[in-house]
Amino acid sequence: MISVGFTRPRDRIAEGERICSEMGFEPFGAPSFDPVRGDKEVFDEIEEVLSSGEAYFTLFASITAVEECVDEYGKEKLLALLEKTNVACTGSSTEKVLKRLTGRDTDLVPEVYSGVGVAEEIADEVAYKTVVLLRSAGGDGRIVDILEKAHAKVLDEPVYDMVPAQICEDTEELLEKTESGTLDALLMTSPNSFLVFYGQMTDRFGKDRTDEALRKTFKVAIGRPTAESMSKAGMPCDTIAETSTFEGMLETVKKKFAL
């Protein structure tokens, strides 16, 4: 059985392992981050702007952004807040979660799954209009740059932050399997998840051993931003998933190993 390792926020590990198993892989998941809710003032400001009808577009930059907003406002209230705004999601996974948790359809999902992809697609229509960006505190600043250059008024709201997860037993197992060369494929699910894992590897084994082990492992990036982060660290991915979802990454592994 092909072994697949991945890191994700702690609350997505069980889901990832289930999907891996259902697709015929042996999963080795480890937590990369724990989400922390944003400040109350952030949610108060979002509520005020959305209630006013001022927001032309509201952009959910991740699944966690959707979940934190649902937890803060509740399903019915969030649905009401989104009545007077167009809604964009950075990818199909975020779109599906928004639909499942609120019943709200998404007005735009970019062809290239990313916040930058959304910003580029709406840039021509947001001049002098308000865009509410719901994302992590450590999100990609290029989204704001693109929108502000298009003369949009950007309400950049960190609805959560991601705190690096403590190393646990699952992390230890994934690190050991990667270093020993017994892991067939490694899924990098976000730029920061890669940086956390790479840092854990180098802390444990040193840079030379880490780089040697990772070069021998088939590495899949979920999208272009993650691939760029890996390249900057000197450890480029072997491929980018054709579809920027967890399932899309596994389909890429299937093709690699002709399953």
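The values are calculated or read from the model by the stated rules, or taken from the named source; none is laboratory data. Just so you know, these numbers come straight off a predicted model, no measurement behind them. All Cβ positions, glycine included, derive from the backbone under ideal geometry; neighbour counts span all protein chains shown. With ligands, DNA and RNA removed, areas are computed over all heavy atoms of the protein, side chains included. Shrake-Rupley method; radii C 1.70, N 1.55, O 1.52, S 1.80 Å.
Here the range 37-110 exposes an accessible surface that is 44 percent carbon and sulfur, computed with a 1.4 Å probe and the other protein chains kept in place. Think of the range 70-226 as having a plus end and a minus end, set by charges on the Cβ of Lys, Arg, Asp and Glu; of Leu78, His151, Ile222, His151 sits farthest toward the positive end of this dipole. Between the residues Thr130, Phe28, Val87, the greatest Cα displacement towards the positive end of the dipole of the chain, with unit charges on the Cβ of Lys, Arg, Asp and Glu, is found for Phe28.
Sorted largest first by accessible area at a 1.4 angstrom probe radius, with every protein chain in place, the residues Glu83, Glu251 fall in the order Glu83, Glu251. What is the sum of charges, Lys and Arg at +1 and Asp and Glu at -1, for the other residues whose Cβ falls under 14 Å from the Cβ of Glu83? Charge balance near Glu83 sits at -1. For the range 200-241, the dipole from Cβ point charges (+1 on Lys and Arg, -1 on Asp and Glu) about the Cα centre works out to 40 debye, to the nearest 20.
Summarising the amide proton neighbourhood of Val154: residues at separation of 5 or more, or on other chains, whose placed amide H is nearer than 5 Å comprise Val131.
Its Cα gyration tensor gives the range 1-64 an equivalent ellipsoid, and the semi-axes of that ellipsoid, as √(5λ) in whole Å with the largest first, are 37, 14, 7. Legend: residue pairs Lys177/Lys232; Lys96/Lys219; Lys219/Lys254; Lys40/Lys99; Lys75/Lys153; Lys219/Lys256, Cα-Cα distance threshold 18 Å; pairs beyond threshold, Lys177/Lys232; Lys96/Lys219; Lys40/Lys99; Lys75/Lys153. Sequentially through the range 146-161, phi angles give Karplus couplings (6.51, -1.76, 1.60; θ = phi - 60°) of 4, 5, 5, 5, 7, 6, 7, 8, 9, 9, 8, 10, x, 7, 7, 10 Hz, Gly and Pro residues having no value and appearing as x. Surface composition of the range 116-158: carbon plus sulfur atoms contribute 48% of the solvent-accessible area (1.4 Å probe, protein chains only, all chains present). The value of relative contact order for the chain, using C-alpha pairs under 8 Å at least six residues apart, is 20 percent. The candidates Lys129, Lys153, arranged from most to least accessible area with a 1.4 Å probe in the full protein assembly, appear as Lys153, Lys129. Averaging 1/r over every pair of different alpha carbons in the chain and inverting the result gives a Kirkwood radius of 19.0 Å.
Contact order, relative form, for the range 1-145: 21 percent (alpha carbon pairs under 8 Å, 6 or more residues apart, mean separation divided by residue count).
Once C-alpha pairs closer than 8 Å and six or more residues apart are averaged by separation and normalised to the residue number of the range 147-259, the relative contact order reads 22 percent. Taking all protein chains as shown and a probe of 1.4 angstrom, Ile146 keeps an accessible surface of around 40 Å². Please report the antiparallel percentage of DSSP beta bridges with both residues in the chain, rounded to the nearest 5. Expressed as a percentage, antiparallel bridges in the chain total about 15. Ligands, DNA and RNA are left out, and with a 1.4 angstrom probe the accessible area of the chain is 46 Å² per residue. Per residue, the chain reaches -14000 deg cm²/dmol at 222 nm when only DSSP H runs of four or more residues are counted, each adding -39500 (n - 2.57). Surface composition of the range 184-226: carbon and sulfur atoms hold 48% of the protein heavy-atom accessible area at a 1.4 Å probe. Across the range 120-130, coupling constants 3J(HN,Hα) worked out from phi with the 6.51/-1.76/1.60 Karplus curve, θ = phi - 60°, read 5, 6, 9, 4, 6, 10, 10, 4, 6, 10, 8 Hz, and Gly and Pro carry x.
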